[in-house]
Amino acid sequence: MTIMPTITVCLTVHTETRMPTVRSLLAPLIGSALLASSAQGQSIATQYETGTAYTTTSLTGFSTSGAAMAGMLVTARFASGDVFQGTWGNLGTQVYGGASFSAYGVSGLWGSLAFPTAGDSNDNFWFLRLASGDYGALLELTLNGAPGRTLFDCRFTTSGCDNFAGTLVNGTPGSSGAIAAQVAKTNQFVAQIGSHNLFDASDVLGVYSNSVSLTGNPPVGDLFEQFSLRFDGGMTIDQGLFLFAVDTDNAAVGAVIVPTTPVPEPSSLVLLVGAFGGLALAACRRRVA
């Protein structure tokens, strides 16, 4: 993928604040509108890429709130060539139509991505909203969880990740059976939050990449460091609020999520290049002699 000249907007991460359960706070406003059960969502096509292998020491479990993902990196790529990046942090109160709730996420000139502060990613939707049409259609939204100790959990079955069939099984120790990546059904909950998901769900692809393992063990195949939504033809500002669901886990407090093979530091690269150069020069001298 060619990266064109970019405009970068970074969101300052504020102090993490724990709130009362979002489900109880939202009940008078949107009832079960945030819940992403299979009865209320529509599974989207998914693919899985090993990518860069990551590792961590242990997981806290499979319940992850918006606040627990603080530090995650979010990248939005537009048809104009503009690429916006933001760091997941405290957004305060977010308003969608007649509903409002405390949220964490990212926000910038391009728009915003929000998730309930204390909501569980296993049964709540993520809220994606474009704020400007100046950059053309949104082509891809990418979430990198490593900076926020966050991992993306696929719907894992006896035959591996499968959104549509197979018997659910637990994968990596400390993780549990995940929901399928999905979007809210078209025009669902319109009375509460307004028109949304006017973009055809059949034109959305969820991509899990960068497999993650626990230290000392090969990756099971259910956890990934990165999740992307790719919009075929692009999502435009007039297509409304976009609600989707993807399950997340957290690495243990104090743990880090790092590549299994660290990238050499610049000084190491210089030494490595110099060593290869010396070997090549010696070989040339031997041929001349």
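The values are calculated or read from the model by the stated rules, or taken from the named source; none is laboratory data. Just so you know, these numbers come straight off a predicted model, no measurement behind them. Cβ coordinates were reconstructed from backbone atoms using ideal geometry, including for glycine residues, and neighbour counts include every protein chain displayed. The accessibility values were calculated without ligands, DNA or RNA, using every heavy atom of the protein model including side chains. Shrake-Rupley method; radii C 1.70, N 1.55, O 1.52, S 1.80 Å.
On the basis of the beta-carbon distance and an R0 of 45 Å, Thr167 and Asp134 show a calculated FRET efficiency of 0.45. Under a 5 Å amide H cut-off, with hydrogens placed 1.01 Å from N, Thr260 pairs with Ala53, Tyr54, Thr55 among residues at least 5 apart or on other chains. Surface exposure of the range 40-126, expressed per residue as accessible area with a 1.4 Å probe, stands at 30 Å². In plain terms, the chain from Thr60 to Leu109 could stretch by 14.2 nm, reckoned as 0.36 nm per residue minus the Cα-Cα distance. Available extension along the chain between Ala45 and Ser202 is 55.8 nm, counting 0.36 nm per residue and deducting the alpha carbon span.
Residues in the range 138-149 carry Karplus couplings, in order, of 6, 8, 8, 10, 10, 10, 9, x, 3, x, x, 6 Hz; the curve used is 6.51 cos²θ - 1.76 cosθ + 1.60 with θ = phi - 60°, and Gly or Pro positions show x. With contacts taken as Cα pairs under 8 Å and at least 6 residues apart, the range 66-145 reaches a relative contact order of 36 percent. The string of couplings for the range 96-112 from the Karplus curve (6.51, -1.76, 1.60, θ = phi - 60°) is 10, x, x, 10, 9, 7, 6, 9, 10, x, 10, 8, x, 4, 6, x, 8 Hz, one whole number per residue in order, with x for Gly and Pro. Rolling a 1.4 angstrom probe over the range 130-213 with all protein chains present gives an accessible area of which 50% lies on carbon and sulfur atoms. Under 5 Å between amide hydrogens, built in the peptide plane, is the criterion, and for Gly240 it picks out nothing among residues at least 5 positions away or on other chains.
Relative contact order for the range 137-266: what percent, with Cα pairs under 8 Å and sequence separation of 6 or more?
Once normalised by length, the contact order is 38 percent.
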